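The values are calculated or read from the model by the stated rules, or taken from the named source; none is laboratory data. All figures in this text were calculated on a predicted structure; none of them were measured in a lab. With ideal geometry, Cβ positions are generated from the backbone for all residues, glycine too; neighbour counts draw on all protein chains shown.
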Amino acid sequence: MTQNFDIPEIRTPENLVYKKTSVLTDNVLHYCPGCGHGTTHRLIAEVIEEMGIQSEVIGVAPVGCSVMAYNYFDIDMQEAAHGRAPALATAIKRVFPEKFVFTYQGDGDLAAIGTGETIHACNRGENITIIFINNAIYGMTGGQMAPTTLPDMPTSTCPYGRDVKIMGNPLKITELLAMLPGTYYVTRQAVHSPALVRRAKKAIRMAFENQKLDRGVSFIEIVSNCNSGWKLTPVQAIKWLEENMLPFYPLGDLKVNGELVKKSE
Amino acid sequence: MKELRLMKGNEAFAEAAIRAGADAYFGYPITPQSEVMEYLMAEKPYERTGMIVLQSESELGAINMVYGAAACGKRALTSSSSPGISLMQEGISYIAGSELPCLIMNVVRGGPGLGTIQPSQSDYFQATKGGGHGDYRLIVLAPSSVQEMFDFVSLGFELAFKYRNPVMMLSDGVIGQMMEKVELSEQQGRLTNQQIDELYPWATTGKKPGKERRIITSLELDPGRQEKHNLKLQEKYRKIETTEVRYETLHCDDAEYLLVAFGSSARICQKAMDLGRSKGIKIGLMRPITLYPFPYSIIEQLSKQVKGILVVELNAGQMIEDVRLGSHDRIKVEHYGRFGGMIPSPVDVLYAMEKQIIGG
Amino acid sequence: MAKVQGDVVIDIEQCKGCELCNVACPLNVLAISAEVNSKGYHYAIKVNGNCNGCSNCAVVCPDGVITVYRAKV
Ligand SMILES: Cc1ncc(C[n+]2csc(CCOP(=O)(O)OP(=O)(O)O)c2C)c(N)n1
Ligand code: SF4
Ligand code: SF4
Ligand code: SF4
Ligand SMILES: [Mg+2]
């Protein structure tokens, strides 16, 4: 028997400091242990709860591991074809300009098959929020090369590593989107440590608040992990992410209030 | 007072969309239907009724925008021509799978591939037998006049919402481009968001406190539930087949020979029939108005009366398969068609009837 | 100065044993059990009473299975 360290006497409503948000359903997430999809879902749901917009928000799920995101968010949602979420969101926002509309998309969905929809929704300046989970791999289909797979990184379709000469270069789509006049807020975040999670949540909050301003797309990349695809334990994966993903995909704001953020060298 | 106007088919379609109280049009230019969006943009329907018009980055974008708006319970439509409709097939399959109502116009041009910008009816199979992946059906309406390009818009929306099913208008470059007098119906109001909430309990309009959330999806991984979903779709299609068949017959009462044609071909056949009758040949014409559901039973009935059927299409022989099914091979059924943008004259059709059916 | 006492409640049936909470805890309160839950996952457990209720574990938990309390004692 393990020793019991419970302190039941302090478990009172006044002392409650953290509890799963009611904007998430009770369904058990189907994601692998330690997957950043779950953390990001929770942050979005917390923001929706804190803004009190549960009845005003319509989400669009992608094709990818998060294809069934609608099982977890207790909000109205639509499931898009692979890559087409920004087209759905464009229409939803235009027919319901007063609602909050967001897409949730992986790197294959957003930066490969859906590049056209993504760039044009951003370029038109649709007044929506796009949450982009970059795990540098196709998680759902079993770990194939993604547009964001790092140079030399092995995947099931580049088992000897991504040879950029043959397979092309990783696409930094977030940098590209920041250049478009239709994006208002573009930022790159991560969710694998407490400080980063808290910062990412602020960014997500800002991205939803921005919809009240009608100034264009708020775009949040989350540099995330795919433990199954990377063939690492969750703890190894976050270390690998820090050492390999973050130098290539540096965290921070790229565009705020419609202005590109100047990087001080 | 009747409101009459001389209009192109494509323009009549666009005006009809505004007057039917449509909420949103999404499209991408392609000949021979570009007048639809040009007319809409010039008319500023966002000022007339609040209707949204948006030129998308591609037909893929357009059809997925239709998906998004339709899933919100809005009256959404798009139009294109054959190559663009091919690009839309992914979205159409998702719309059918998610059971969303919408209107899709195909002003058909000749194919395959980039083909030609000239009129054709070669997308009959694509429209009526599938197009995209999976077991699904579109309700397919075939206008044969500019008036029907107008009238079928509100009929299309009515059927789409009645069955939560995509409706396609299968027109062609002849009907889209020609000008005729049209009687315009009165402006219908767009539904308010509150009306949408009351009428369409499936629409994603934002989760109401204390109510179940609404999810629009075509995904169901559990085989048992996916089969059930498919069976439900099939049940809907059977209902459509028994209740929504529409067709027109001309001079069929005493006909010894039958022409079967839809859309622009039916107009040519009508002239051919008149020509034949003036020569004493008793020709009748059956024009399917719904291509799906196909009017099999009238074909069956007429196949017991006439000596032979000539199916006239601007393609290499597509609808003829349905006519043969309806006739149960009781009598001779032959096809006459021109394609690649070539249009037969009534004389050509009558000659084919005499040679392939009467003489043969 | 009042001491802060925290406590966490872990829904062990929903825990997937990823250990991210464990890594995030500044006071080494958490570890992974030797036993498994009904889904076969080793789950997060408390191994001391040092919790200060900082919530780090809960905010990094992908499955949202940790509830945190904090009291001044
Ligand atoms: C048209 C089409 N092509 C391919 C697929 C197969 N497919 C499903 S998910 C996916 C990749 C998803 O990767 P990503 O968007 O990075 O999401 P992740 O699973 O990594 O979160 C692919 C290729 C599909 N469903 N539809
Ligand atoms: S396969 Fe990768 S992205 Fe998908 S749930 Fe597992 S860890 Fe997450
Ligand atoms: S982070 Fe959550 S799921 Fe992972 S071990 Fe801790 S409690 Fe369990
Ligand atoms: S609340 Fe803080 S101190 Fe307590 S277990 Fe969690 S991370 Fe550790
Ligand atoms: Mg991915």
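Listing for the model above:
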quantity	calculated
Residue under evaluation residue A:53, criteria (1) touching a strand residue (DSSP E or B) at 6+ places or on another chain (Cβ under 6 Å); (2) within 7 Å of chain B (Cβ to nearest Cβ); (3) of a type outside the set (Lys, Arg), criterion not met	(2)
Scope the range B:162-207; condition in contact (Cβ under 8 Å) with a residue 24 or more places away in the chain, part of a loop (DSSP other than H, G, I, E, B) and within 30 Å of residue B:241 (Cβ to Cβ); matching residues	B:164, B:165, B:185, B:188, B:191, B:200, B:202, B:203, B:204
Pair list, Cβ < 6 Å and 6+ apart or interchain, from the range B:49-70 residues that are closer than 22 Å to residue B:99 by Cβ and more than 10 Å from chain A (Cβ to nearest Cβ) to residues that are surrounded by fewer than 24 Cβ atoms within 10 Å (Cβ to Cβ) and at pLDDT 95 or above	B:59/B:28; B:59/B:84; B:59/B:87
Residues of the range C:19-50 satisfying the condition of being under 9 Å from the mean Cα position of the chain (by Cα) and buried (at least 19 other Cβ atoms within 10 Å of the Cβ)	C:21, C:22, C:25, C:29, C:30, C:44, C:45, C:46
Check on residue C:71, outside any helix (DSSP H, G or I), within 8 Å of chain A (Cβ to nearest Cβ), crowded, with 19+ Cβ neighbours inside 10 Å and not acidic (Asp, Glu)	yes
Only listed residue being within 16 Å of ligand 2 (Cβ to nearest atom) and either aliphatic (A, V, I, L, M) or more than 14 Å from chain C (Cβ to nearest Cβ) (or both), chosen from A:197, A:191, A:186	A:191
Given (1) crowded, with 16+ Cβ neighbours inside 10 Å; (2) within 16 Å of ligand 2 (Cβ to nearest atom); (3) more than 8 Å from chain C (Cβ to nearest Cβ), number of the condition residue A:30 does not satisfy	(1)
Of all residues in the range B:85-121 being hydroxyl-bearing (Ser, Thr, Tyr) and surrounded by fewer than 24 Cβ atoms within 10 Å (Cβ to Cβ), the one that is farthest from residue B:225 (Cα to Cα)	B:116
Elements of type strands (runs of 3 or more DSSP E) in the range C:1-63, at least 2 residues being more than 13 Å from ligand 3 (Cβ to nearest atom) and out of contact with any Ser or Thr (no Cβ under 9 Å at 6 or more places or on another chain)	C:4-10
Test: residue in the range A:74-91 that is in contact (Cβ under 8 Å) with a residue 40 or more places away in the chain and within 14 Å of chain C (Cβ to nearest Cβ)	yes
Condition met for residue C:17 (within 16 Å of ligand 2 (Cβ to nearest atom) and at the interface with another protein chain (Cβ under 7 Å from one of its Cβ atoms))	yes
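Conditions tested, residue by residue: (1) more than 16 Å from ligand 1 (Cβ to nearest atom); (2) over 23 Å from residue A:119 (Cα atoms); (3) among the charged types (D, E, K, R).
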residue: A:179; (1), (2), (3): yes, no, no
residue: A:182; (1), (2), (3): yes, no, no
residue: A:202; (1), (2), (3): yes, yes, yes
residue: A:205; (1), (2), (3): yes, no, yes
residue: A:232; (1), (2), (3): no, yes, no
residue: A:242; (1), (2), (3): yes, yes, yes
residue: A:255; (1), (2), (3): yes, no, yes
residue: A:263; (1), (2), (3): yes, yes, yes
